[in-house]
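> Here it is, the structure in full.
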Amino acid sequence: MKVIDPTISSFESLIAGNRLYVDKTAYIYKLVTGPRMVLFSRPRRFGKSLTVSTLDALFRGRRELFAGLAIDSLPYDWKVHPVIHIDFAGCHKKNASEVNSWLNGCLQGIAQGYSVSPQWNGSCDNNLASLIQALSAKGEVVVLIDEYDKVISDNIFNPEVEGIRDLLGGFYETIKFQNARIRFAFITGVTKYAKLSVFSKMNNLSDISMDSDYALMCGYSQEE
């Protein structure tokens, strides 16, 4: 019998470690064949990071990990895409300058992993645009953002929070401007700041948080 381990949020680790995985890939298929710019919010410990990890594996073309799962028998094209995956769970910064530096470090690490050399400057939004442009030579880019709201929620009573919010607003707006080079963008978190502050200019973002089609994409139903 496979072990149930709710502490693992890596799709590859669950599959490779022979842990129990409740098949959510039919929802994943619906997700990646629907709107291309998506916001999805759920409470903590609800499987958001596992969903992001599953999308990461899918867009990297790791079909062997999906053997026997629902999506393996669906008409998905299994193209390999360059993936920009940023997890704000590791960001413990207290002002816009620190967040900017942290994001730049993430982007530079991704560039090194793909052996591309974007034109860097000091601004994380410009650097994101440069990275997307460089990666687009390898194919349409996928952008996955986990815990997008954490650094704002962590600093909600910090007078520096407005600067952080403005910085992230510009960073996410870049995804909108680079739409032609992007195959899919998925942004997830706990608190819904959509249509306010950080996403006020990203008017092409589809909020599926309350969409009944995706109600069971995270977490376990009684039947499951």
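The values are calculated or read from the model by the stated rules, or taken from the named source; none is laboratory data. Note that the structure is a prediction, hence the values are computed from the model and not measured. For neighbour counting, all protein chains shown are included, and Cβ atoms are generated from backbone atoms with ideal geometry for every residue, glycine included. The protein model used for the area step is the full one, side chains on, heavy atoms only, and it has no ligands, DNA or RNA in it. Shrake-Rupley method; radii C 1.70, N 1.55, O 1.52, S 1.80 Å.
> Hey, which of the helices (runs of 4 or more DSSP H) in the range 1-116, taking only ones fully inside, have at least 2 residues that are hydrophobic (A, V, I, L, M, F, W, C), open to solvent by less than 60 Å² (accessible area, probe 1.4 Å) and touching a His at 6+ places or on another chain (Cβ under 8 Å)? Quick ask: steps written out before the conclusion?
On the way: elements: 11-16, 25-32, 48-59, 96-114.
Because the criterion is at least 2 residues that are hydrophobic (A, V, I, L, M, F, W, C), open to solvent by less than 60 Å² (accessible area, probe 1.4 Å) and touching a His at 6+ places or on another chain (Cβ under 8 Å), the helices (runs of 4 or more DSSP H) in the range 1-116 that meet it are 48-59.
> Of all residues in the range 156-207, which are modelled with pLDDT of 90 or more, β-branched (V, I, T), within 17 Å of the chain's Cα centre (by Cα) and open to solvent by 10 Å² or more (accessible area, probe 1.4 Å)?
T174
> Right, something else. Which condition does F157 not pass, out of (1) under 16 Å from F177 (Cβ atoms); (2) part of a loop (DSSP other than H, G, I, E, B); (3) not polar (S, T, N, Q), if it passes all the others?
With (1) under 16 Å from F177 (Cβ atoms); (2) part of a loop (DSSP other than H, G, I, E, B); (3) not polar (S, T, N, Q) applied to F157, the lone miss is (1).
> Next up: Are any residues in the range 35-64 touching a residue at least 40 places away in the same chain (Cβ under 8 Å) and among the small types (G, A, S), and if so, which ones? Steps first, please.
Of the range 35-64, the ones touching a residue at least 40 places away in the same chain (Cβ under 8 Å) are 35-44, 46-57, 59, 62.
Result: S41, G47, S49, S53, A57.
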